[in-house]
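Structure first, commentary second.
The values are calculated or read from the model by the stated rules, or taken from the named source; none is laboratory data. Worth saying up front: this structure is predicted, and the values here are computed from it rather than measured. Every residue, glycine among them, receives a Cβ derived from its backbone with ideal geometry; neighbour counts consider all protein chains shown. All accessible areas refer to the heavy atoms of the entire protein, side chains included, with ligands and DNA or RNA removed. Shrake-Rupley method; radii C 1.70, N 1.55, O 1.52, S 1.80 Å.
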Amino acid sequence: MSYQIKQIAAFLDLEYQGDGSRLLNRVSNWETADGDSLVFLDSGGSVDPESVPLQAGCIIAPRDLAPDNMNVVFSTQPKLDFARASSYLYPWPAGRGRRHPTAVVSKTAKIEEDVDLGPFAVVGADAKIGKGSIIYAGSIIERECCLGRKCIVHPGVVLYPGSQLGDRVILHAGVVVGGDGFGYVSDGESRVKFPQVGSVILEDDVEVGCNTTIDRGSLGTTRIRKGAKIDNLVQIAHNVDIGRNVVIASQTGISGSTIIEDDAVIGGQVGFGDHVRVQKGVVIGSKAGVLPGKIVRSGEVYWGVPVRPLREYKRLNAHFSKLPEMKAEIDTLKKKVSRLQAVLRKK
Amino acid sequence: MSYQIKQIAAFLDLEYQGDGSRLLNRVSNWETADGDSLVFLDSGGSVDPESVPLQAGCIIAPRDLAPDNMNVVFSTQPKLDFARASSYLYPWPAGRGRRHPTAVVSKTAKIEEDVDLGPFAVVGADAKIGKGSIIYAGSIIERECCLGRKCIVHPGVVLYPGSQLGDRVILHAGVVVGGDGFGYVSDGESRVKFPQVGSVILEDDVEVGCNTTIDRGSLGTTRIRKGAKIDNLVQIAHNVDIGRNVVIASQTGISGSTIIEDDAVIGGQVGFGDHVRVQKGVVIGSKAGVLPGKIVRSGEVYWGVPVRPLREYKRLNAHFSKLPEMKAEIDTLKKKVSRLQAVLRKK
Amino acid sequence: MSYQIKQIAAFLDLEYQGDGSRLLNRVSNWETADGDSLVFLDSGGSVDPESVPLQAGCIIAPRDLAPDNMNVVFSTQPKLDFARASSYLYPWPAGRGRRHPTAVVSKTAKIEEDVDLGPFAVVGADAKIGKGSIIYAGSIIERECCLGRKCIVHPGVVLYPGSQLGDRVILHAGVVVGGDGFGYVSDGESRVKFPQVGSVILEDDVEVGCNTTIDRGSLGTTRIRKGAKIDNLVQIAHNVDIGRNVVIASQTGISGSTIIEDDAVIGGQVGFGDHVRVQKGVVIGSKAGVLPGKIVRSGEVYWGVPVRPLREYKRLNAHFSKLPEMKAEIDTLKKKVSRLQAVLRKK
């Protein structure tokens, strides 16, 4: 879409300088900016406003960093306002009721108006898809799934039977929701499958990255709460409960029945044992490991395997790096003590 | 399916108390139990039989925990019998020969009777699918694959040419079997692909979780033996040999030519170098790392990077946590020794 | 294909002994070799040329290891020449213009000659596919993608809009290219999506393993340079730049804006923070972790979390293993020093 700078400023409820009627149609970085693009300048950023070529159509910047001779929307939080402006220039894709002739839809599915179905999309019996949602090519919505409004399901997604999505949920390509959890009981000879017949619920505004897997509950429910954001290749096991606005980076794995409370931020390649509870707002660094059953308390940043408060982790690592020196000190001490012993024996 | 309590007890070869003619149609947890549901009570479990609302249709429980006023099937191993009862209430899904008109099947493929093929399933030339198997929507069975009886292939699975599955193999959505192994030989300038032309065999009763990848052998065979269970997002490289009833949790990666013997249990996010041998029954904890060529011997639980017996791992970690104290002790000793030296010099 | 031994030797520009007119049609390992197969014998290998059954049609071997009574192509680098011979016996699969009737191709897509499209393949508007490429069943090439010549796209791949592939790129099943990067800005209440509108480029001769995910740039470009090889289940985030002939093993994750320079070799399950720079030719061992912003310098092999030069890592680990002994030495020293102090006090 194209918008005038004054429209963008009005949308953001911010003031601007320069040519308010100039049309912008995209956001960009500084390197690829041109007269059509909106860029942003952050006091903490790596761009030097003195040195950059000023080819952007408009900058979002703090007043004190704003170049005089440019179109500038003034912002005290330029990155956030840039992200907001982006949602204005690239509006949420809305279905328009286009159904590709190859899509296969059960007669008992309930498809609301303005739903787009791509080529080879499949919608099973008694599934329900809310108004304005888009199901891209090759995605499989199995029977009794229920999707809210304005969901975006990218190509190659699989929703197992009965999976439930709120409104504006984004599933990226290859996501699998509702697969069987991993549970077996040994009978001494072989592994008997524990029932995996629970449900899985992704609430409003959840976004899930490519090829991530979210298992259904075994008997209970796996739940991803409103606004949580999950990166690519993450594993979420049965009965896990992810809080509101939680962020989970790529390749992290969360074992069964673990609870991550609201606003937590989890790095990449973190591993959680089962029945962990991560309290509200906790930050856990990449590659950390949390032992089964552990409570990770609010108010700290955690790191390491097993996780420790960051300061403690850093302190231990500093000491770890000095192990050879410690060993040398011990050896020196041993020699000195031996000599002292010898001297004393002589006296 | 619905079964009477007495039918379930008979199936399990167990005694029961209460209304044997009551019909049950599902398993559940305690929170969502109702008169139609079977639950279980374990002596080690978290449910307090005194306090729970007794709304379940029937409990599987040890005699000493069984409430007097309820329908109870008596079991000395309630979780196992609950899993068995579940397989009775939710019988193995059997194909009935339903072929969706959009499925594409090569003329030279041999499809036995009672095979279901979902929308947009593809079966390549000379592939063979055994009686009663179900191929869900959008799964691709390439040429010369051979599937046994009663296999369940969930949506979006890909079997590369020549992949072989035994009977009752379950592949969850997004699994890829038979991809090229990862091997290159440098010619000094670029990477020349080493041939990846071997085979891949999944024996009877193997189950593989969502988006897991299992590569074919380079020249030999990648083999997953009878009854092995593999979780989501696991990587199994070329020429790996996974033993019978092995369990491998999510996001674990197994490098080329590694052998994991029968009954081993492998945690999540474990990494195996190539040419490792894990002996029968070994347990390896989550996030462990096994160096290439290592033999991990039977009779122990292992943990850590690189793996060590658990007791040793715990001992080292306890010491690691006390590094600052050790350093302080060394510093104190240094001072004392200096003082002793000074005293002695004076004398 | 079948070739005479003398043809293979000529292709490799090597000398041979024995029956040059014998036809070979495959490569194999020693265990499954027969008269039709080519095997190789390496001085560093595990095969004992004295003891092996000599059933292969031809061996590639160094002169000094070559058995007298066999057909042998003489090579000073048998594994490399075996890989080259394999590329001759199994030539690059070439499209022949076969388009399955179920494939859906936009009217505005530009498909060059000799492109194969499998069942249920989808090619979006304004996409371009170069001569001789093969798009297997169920792969989705979204609008404005651009593929070079002789690309091989295995089943179930998804290319997001605008993804760009060079010539001879191989994408294995389930790969996703061009998904949104993972970036949000908090507005204090919820996470606002940072724009993910950049591009993604895979240059010539890149190969990507099953279910790997490669995100588009947020504002800039994600780039995988010529000849880089990426294993299964790898995560490559927005704005990452992977150098020429880089090798990345399975389940490694690379965070945003990280640069890996030419010829680096990265093990499995490695994690990179964002804005890392790995210099040319660096080798990083499996399970290593690289902190955000770090420069990993050329000329070393690195290991550990956080990464250290291998020698240092080994030294620290050796000390770590001896922590209990160090603690015991400190305790012994403490006792000795106490005794010395007592003796001195008495004097």
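Per the conditions (1) in contact with a strand residue (DSSP E or B) (Cβ under 8 Å, 6 or more places away or on another chain); (2) open to solvent by 10 Å² or more (accessible area, probe 1.4 Å); (3) of a type outside the set (F, W, Y), the sole criterion not satisfied by B:R244 is (1).
If you take the residues in the stretch B:244-285 that are part of a loop (DSSP other than H, G, I, E, B) and of a type in the set (A, V, I, L, M, F, W, C), which one is nearest to B:G183 (Cα to Cα)? In this case the residue turns out to be B:V276. If you check C:E207 against the conditions, is it more than 9 Å from chain A (Cβ to nearest Cβ) and at negative phi? Against the criterion (more than 9 Å from chain A (Cβ to nearest Cβ) and at negative phi), C:E207 qualifies. Of all the listed residues (A:S190, A:S163), the sole one being surrounded by 23 or more Cβ atoms within 10 Å (Cβ to Cβ) and either closer than 30 Å to B:I266 by Cβ or in contact (Cβ under 8 Å) with a residue 24 or more places away in the chain (or both) is A:S163.
Looking only at residues in the stretch B:82-97 that are open to solvent by less than 60 Å² (accessible area, probe 1.4 Å) and farther than 14 Å from B:L24 by Cα, which one is modelled with the lowest pLDDT?
Per the stated criteria, the residue is B:A94.
Filter the stretch C:289-305 down to residues that are in contact with a helix residue (DSSP H, G or I) (Cβ under 9 Å, 6 or more places away or on another chain) and open to solvent by less than 40 Å² (accessible area, probe 1.4 Å), then give me how many there are. First the steps, then the outcome.
Step one: of the stretch C:289-305, the residues in contact with a helix residue (DSSP H, G or I) (Cβ under 9 Å, 6 or more places away or on another chain) are C:300-304.
Those still in the list that are open to solvent by less than 40 Å² (accessible area, probe 1.4 Å) too: C:302, C:304.
Residues flagged as in contact with a helix residue (DSSP H, G or I) (Cβ under 9 Å, 6 or more places away or on another chain) and open to solvent by less than 40 Å² (accessible area, probe 1.4 Å) within the stretch C:289-305 amount to 2.
Just one of (1) aliphatic (A, V, I, L, M); (2) touching an Asp or Glu at 6+ places or on another chain (Cβ under 8 Å); (3) at the interface with chain B (Cβ under 10 Å from one of its Cβ atoms) fails for A:I254. It is (2).
Within the stretch C:194-214, being surrounded by fewer than 19 Cβ atoms within 10 Å (Cβ to Cβ) and assigned to a strand (DSSP E or B) holds for one residue alone: C:S199. Set side by side, the residues C:I259, C:I236, C:I330 differ, and just one is outside the structural domain of C:V176 (by TED's automatic domain parsing), in contact with an Asp or Glu (Cβ under 7 Å, 6 or more places away or on another chain) and surrounded by 17 or more Cβ atoms within 10 Å (Cβ to Cβ), which is C:I330. In the stretch C:145-159, the residue that is farthest from A:P91 (Cα to Cα) out of those that are open to solvent by less than 10 Å² (accessible area, probe 1.4 Å) and facing another protein chain (nearest Cβ under 7 Å) is C:P155. I'd like the full set of residues that are out of contact with any His (no Cβ under 9 Å at 6 or more places or on another chain) and either part of a loop (DSSP other than H, G, I, E, B) or of a type in the set (A, V, I, L, M, F, W, C) (or both), limited to the stretch A:286-299. Once the filter is applied, which keeps residues that are out of contact with any His (no Cβ under 9 Å at 6 or more places or on another chain) and either part of a loop (DSSP other than H, G, I, E, B) or of a type in the set (A, V, I, L, M, F, W, C) (or both), the stretch A:286-299 yields A:S286, A:K287, A:A288, A:V290, A:L291, A:I295, A:V296, A:R297, A:S298, A:G299. In the stretch B:131-148, the residues that are closer than 14 Å to B:S106 by Cα form Cβ pairs under 6 Å with partners that are of a type in the set (S, T, N, Q), at six or more places apart or across chains, as follows: B:C145/B:S163; B:C146/B:Q164.
Looking only at residues of the stretch A:215-230 that are more than 11 Å from the chain's Cα centre (by Cα) and assigned to a strand (DSSP E or B), we find that the one that is nearest to C:E189 (Cα to Cα) is A:I224. The condition of being assigned by TED's automatic domain parsing to the domain that holds C:T213 and open to solvent by 10 Å² or more (accessible area, probe 1.4 Å) holds for only one of C:S338, C:S286, that being C:S286.
State yes or no: is B:D274 acidic (D, E), surrounded by 16 or more Cβ atoms within 10 Å (Cβ to Cβ), more than 30 Å from C:I330 (Cα to Cα) and in contact (Cβ under 8 Å) with a residue 24 or more places away in the chain?
Numbers: acidic (D, E): yes; surrounded by 16 or more Cβ atoms within 10 Å (Cβ to Cβ): yes; more than 30 Å from C:I330 (Cα to Cα): yes; in contact (Cβ under 8 Å) with a residue 24 or more places away in the chain: yes.
So B:D274 passes the test.
The set of residues from the stretch A:173-193 being more than 7 Å from chain B (Cβ to nearest Cβ) and part of a loop (DSSP other than H, G, I, E, B) comprises A:A173, A:V175, A:G181, A:G183, A:G188, A:E189. Close Cβ contacts (under 7 Å, 6 or more residues apart or on different chains) running from residues in the stretch A:108-121 that are within 14 Å of chain C (Cβ to nearest Cβ) to residues that are outside any loop (DSSP other than H, G, I, E, B) and surrounded by fewer than 17 Cβ atoms within 10 Å (Cβ to Cβ) comprise A:L117/A:R99. Can we say B:R308 is free of Cβ contacts under 8 Å to residues at least 24 places away in the same chain and surrounded by fewer than 16 Cβ atoms within 10 Å (Cβ to Cβ)? Against the criterion (free of Cβ contacts under 8 Å to residues at least 24 places away in the same chain and surrounded by fewer than 16 Cβ atoms within 10 Å (Cβ to Cβ)), B:R308 does not qualify.
The numbered conditions (1) within 26 Å of the chain's Cα centre (by Cα); (2) surrounded by 19 or more Cβ atoms within 10 Å (Cβ to Cβ); (3) hydrophobic (A, V, I, L, M, F, W, C) are all true for C:F74 except (1).
Pairs linking a residue in the stretch B:319-332 that is free of Cβ contacts under 8 Å to residues at least 40 places away in the same chain to a residue that is outside any helix (DSSP H, G or I) and surrounded by 13 or more Cβ atoms within 10 Å (Cβ to Cβ), with Cβ atoms under 9 Å and 6 or more positions apart or on different chains, are B:S321/A:R308; B:L323/A:K322; B:K327/A:K322.
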